[in-house]
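Everything on this sheet refers to the single structure shown next.
The values are calculated or read from the model by the stated rules, or taken from the named source; none is laboratory data. All of these numbers come straight from a predicted model, not from anything done at the bench. Cβ atoms come from the backbone with ideal geometry, glycine included; neighbour counts cover every protein chain shown. Please note that ligands, DNA and RNA were not included when accessible areas were found on the heavy atoms of the full protein model with its side chains. Shrake-Rupley method; radii C 1.70, N 1.55, O 1.52, S 1.80 Å.
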Amino acid sequence: MPLHETEDLATLSLLREVQQDFVIFYSSRDEGGELWCPDCRAVDELIQSAFGPDTGHSGLVVFVGQRSEWKSPSNPFRGNPWNVQSVPTIIRIRDGARLVDTDIRHSLAAFLQE
């Protein structure tokens, strides 16, 4: 299933009713379309293929803002209900399990199958 994306922080309350199996918290893209976070860039291709149209996995990419917005302790994704402290972070909706940062590179396939 394809990945869906949202950049609208106004939809934060709607995220509690996510239709996808996974939520992927990512750094936002700069004016040139690049992810500012090196960890996000490192796993981007892997995530794109893991949530491709033929995989059966559905995901919602949530962009957490530019670096300065993300680093702010008041960033809305740092609090409830998500409590994300690092990007990238993948949360499995059915049980709240998380995969974070470099663990994504090593454990994504197994995490998607659990």
Averaged per residue, what accessible area in Å² does the chain show with a 1.4 Å probe, protein chains only?
-> 54
³J(HN,Hα), Karplus 6.51/-1.76/1.60, whole Hz, each residue of region 90-100, x for Gly, Pro = 10, 10, 7, 5, 5, 9, x, 4, 10, 10, 10
Percent of beta bridges antiparallel (DSSP, the chain, rounded to nearest 5) = 45
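Ignoring any ligand, DNA or RNA, what whole percent of the accessible area of region 3-113 comes from carbon and sulfur when the probe is 1.4 angstrom?
The computed percentage sits at 47.
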Enter the Cα centre distance for the pair region 61-82 and region 28-45, rounded to the nearest angstrom.
-> 15
Student exercise, the chain dipole from Lys, Arg, Asp, Glu Cβ charges, in Debye to nearest 20 | 380
Please find the FRET efficiency linking I93 to E45, where r is the Cβ-Cβ separation and R0 is fixed at 25 Å, and quote it to the nearest 0.05.
-> 0.60
Return a whole-number percent for the relative contact order of the chain, with Cα pairs under 8 Å and 6 or more residues apart as the contact set.
-> 35
